[in-house]
Amino acid sequence: MDPRRPLGAPFRAAIDDRISGFLLLQTDALGDLQPDLGPLLALTSRLLAGGKRLRPAFCAWGYVAAAGPKDDESPLDAVLSAAASLELLHASALVHDDVMDGSDTRRGDPSAHRQFESLHLADGRLGDPETFGRAGAILLGDLLVMWSVEMLEQAGLPAAVLPGALTIAQAMRTEVTCGQYLDVAAQSRPLGADLDHALAAANRVVEYKSARYTVYRPAQLGAIIGGGSAELVAALAAYGSPLGRAFQFRDDLLGVFGDPELTGKPVGDDLREGKRTVLIAYTMAHTDDAGRRLLTALLGDPDLDATGVASLQQVIVDCGAHEAVETMIATYYDEAISALAEPSISTTGREGLTALAAAAVHRST
């Protein structure tokens, strides 16, 4: 593993190989359910074929931070299998998130529930295609959660570290699910101009829905597997929380201003979905009355057109929200890097985690 290229092609290929191998075993085990299960398994393979692989990378480099670089590939093989299991959990969250948000696309392709809906229509099946699509996607997401547990348990981790690793993974699954509920609950409440309250609510969603399962827990999982000290595990929490927030804030900006060719989602999709992000909280508190009225009228409109998106973008920029969130990203990034000064973190691990931080924050996808 190269600390200068923590998401390089060799690492991604290693994660891809482990996911593909696991899915092949599951496909063979489910042979009696074919051909009916074929579309679900095919969609699973497509869904898991892409992505940034950030969560496995934070896990792998958390391990190196604790254990240092290893000449023996045997421990690293188990670590990479454990790290790859996090992609299944992530895919589950994406599938369920798209159902809840009513998103039509994911990574440039139709979202899972839309693909199941198309399958229903193409086969001329009975019942409502949208209901079938949602049901198929919910079940796919549930299956991916269960498989993420199974893949971690079968990764071949040493018995001495397995209980600690499972405890971290259990916390991660609980936190992201509860964070998702906090997000759903926040979107059901009226917009308000109380910045402190809105920021506190948005930050709590970000911490549990994104930061903890993107950086914080994956890095800690790797460190636990590597036999890291309590001080090192705590340092990775101090690194992961602010970096996870910075990662999500970058996502929030891309969800409003990103290039669809790069993000794989239509521009302004977060506005159509009514996402109550820190960006929106800051805008509501700092724009003028006209901007507030426009935001209240248009945010969450699923039929928001390009003109409406452009109008809201202008409100966000004019009130200084875009610049303020960029400043927050930079501040949280610096805080995360400072946490890596912990002496027990290996030099190679520190280099890899530093490069990963830059990749998580300085991106256009």
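The values are calculated or read from the model by the stated rules, or taken from the named source; none is laboratory data. These numbers were taken from a predicted model, which means no experiment stands behind them. For neighbour counting, all protein chains shown are included, and Cβ atoms are generated from backbone atoms with ideal geometry for every residue, glycine included. Accessible surface areas use protein heavy atoms only, side chains included; no ligands, DNA or RNA. Shrake-Rupley method; radii C 1.70, N 1.55, O 1.52, S 1.80 Å.
The table below gives the values:
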| item | result |
| --- | --- |
| Residues of the stretch 101-142 that turn out to be over 21 Å from GLY255 (Cβ atoms) and part of a helix (DSSP H, G or I), as a count | 21 |
| The stretch 113-155, residues that are under 30 Å from VAL79 (Cα atoms) and among the small types (Gly, Ala, Ser) | ALA137, GLY141, SER148, ALA155 |
| Identity of the residue in the stretch 321-360, open to solvent by less than 40 Å² (accessible area, probe 1.4 Å) and free of Cβ contacts under 8 Å to residues at least 60 places away in the same chain, that ends up nearest to LEU54 (Cα to Cα) | ALA358 |
| Test: residue in the stretch 159-167 that is within 28 Å of LEU254 (Cβ to Cβ) and at pLDDT 95 or above | no |
| Among (1) in a loop (DSSP other than H, G, I, E, B); (2) in contact (Cβ under 8 Å) with a residue 12 or more places away in the chain, the one test that PRO190 misses | (2) |
| Yes/no for SER311 being assigned to a helix (DSSP H, G or I), surrounded by fewer than 19 Cβ atoms within 10 Å (Cβ to Cβ) and of a type in the set (Ser, Thr, Tyr) | yes |
| Any pair with Cβ under 8 angstrom, 6 or more apart, that starts in the stretch 134-151 at a residue that is more than 12 Å from LEU86 (Cβ to Cβ) and ends at one that is among the aliphatic types (A, V, I, L, M) and open to solvent by 40 Å² or more (accessible area, probe 1.4 Å) | GLY136/LEU119 |
| Of all residues making up the stretch 171-181, the number that are out of contact with any Leu (no Cβ under 9 Å at 6 or more places or on another chain) and within 19 Å of ILE138 (Cα to Cα) | 7 |
| Count of residues meeting criterion [farther than 24 Å from VAL205 by Cα and touching a residue at least 24 places away in the same chain (Cβ under 8 Å)] in the stretch 161-186 | 3 |
| Positions within the stretch 169-184 being open to solvent by 20 Å² or more (accessible area, probe 1.4 Å) and touching a helix residue (DSSP H, G or I) at 6+ places or on another chain (Cβ under 8 Å), in sequence order | ALA171, ARG173, GLU175, CYS178, GLN180, LEU182, VAL184 |
| Test: residue in the stretch 13-28 that is at pLDDT below 90 and either polar (S, T, N, Q) or open to solvent by 50 Å² or more (accessible area, probe 1.4 Å) (or both) | no |
